[in-house]
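K.L.:
Next up is a structure, given as structure tokens.
The values are calculated or read from the model by the stated rules, or taken from the named source; none is laboratory data. Quantities reported herein were computed from a predicted structural model and do not represent experimental measurements. As a convention, Cβ positions derive from the backbone with ideal geometry for all residues, glycine included, and neighbour counts pool all protein chains shown. All accessible areas refer to the heavy atoms of the entire protein, side chains included, with ligands and DNA or RNA removed. Shrake-Rupley method; radii C 1.70, N 1.55, O 1.52, S 1.80 Å.
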Amino acid sequence: MRIGELSRRTGVSARSLRYYEEQGLLTSSRSDAGQRHYSDAAIQRVSLIRQLFDAGMSSRVIATVLPCVDVPGDLGVAEETFAAMMRERDRIDADIARLIETRDALDVVIGANSRHRAELSTAPERAARST
């Protein structure tokens, strides 16, 4: 299939598909006219690449992980991929911890703001009673 069809079938722009190729994440063959042609397996490959990007992985890390999919029986590839995946998992865990800290800090500010708003809304009533 050509790049336009792969784009339609995956929901990924042709520009992104070309980027994936530049980064070595996706391959195509070329026609005599230079048009890219992809196998049906490219649909699943693009889906996997999108999932990895959505998980926050960089193209460099994805390029390290994908050989495990391409050559599942190679122990060296499996070990390198495992190490890359563990690093990414640790990075994601650290991101989650930072997000939780940020959310907790925001909760403190929201609580203080709620109290301040409540005080402001009752201030005119108190002023009217004291006159």
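K.L.:
For region 28-46, which residues satisfy the criterion of being outside any loop (DSSP other than H, G, I, E, B) and either in contact with a helix residue (DSSP H, G or I) (Cβ under 9 Å, 6 or more places away or on another chain) or at pLDDT below 90 (or both)?
P.N.:
Those that are outside any loop (DSSP other than H, G, I, E, B) and either in contact with a helix residue (DSSP H, G or I) (Cβ under 9 Å, 6 or more places away or on another chain) or at pLDDT below 90 (or both): Arg36, His37, Ala42, Ile43, Arg45, Val46.
K.L.:
Of everything in region 22-46, what is farther than 13 Å from Pro67 by Cβ, within 17 Å of the chain's Cα centre (by Cα) and crowded, with 19+ Cβ neighbours inside 10 Å? Give them in sequence order.
P.N.:
Val46 - this is the single residue of region 22-46 that is farther than 13 Å from Pro67 by Cβ, within 17 Å of the chain's Cα centre (by Cα) and crowded, with 19+ Cβ neighbours inside 10 Å.
K.L.:
Filter region 61-79 for residues that are under 17 Å from Gly24 (Cα atoms) and open to solvent by 50 Å² or more (accessible area, probe 1.4 Å); which is modelled with the highest pLDDT? Lay out the reasoning, then the answer.
P.N.:
First, pick out the residues of region 61-79 that are under 17 Å from Gly24 (Cα atoms): 61-71, 77.
Okay, now just the ones that are also open to solvent by 50 Å² or more (accessible area, probe 1.4 Å), so 69-71.
Numbers: Val69: 76, Asp70: 72, Val71: 67.
By that ranking, first place goes to Val69.
K.L.:
Give the residues of region 1-21 that are surrounded by 12 or more Cβ atoms within 10 Å (Cβ to Cβ), basic (Lys, Arg) and under 21 Å from Ser58 (Cα atoms), sorted by residue number.
P.N.:
The one that is surrounded by 12 or more Cβ atoms within 10 Å (Cβ to Cβ), basic (Lys, Arg) and under 21 Å from Ser58 (Cα atoms): Arg18.
K.L.:
Kindly evaluate Ala55 against the criterion of being closer than 27 Å to Ala14 by Cβ, touching a residue at least 12 places away in the same chain (Cβ under 8 Å) and in contact with a Gly (Cβ under 6 Å, 6 or more places away or on another chain).
P.N.:
Criteria not met by Ala55.
K.L.:
Here are some conditions: (1) open to solvent by 50 Å² or more (accessible area, probe 1.4 Å); (2) of a type in the set (A, V, I, L, M); (3) within 18 Å of the chain's Cα centre (by Cα). Ile49 meets all but one. Which one does it not meet?
P.N.:
With respect to (1) open to solvent by 50 Å² or more (accessible area, probe 1.4 Å); (2) of a type in the set (A, V, I, L, M); (3) within 18 Å of the chain's Cα centre (by Cα), Ile49 is out only on (1).
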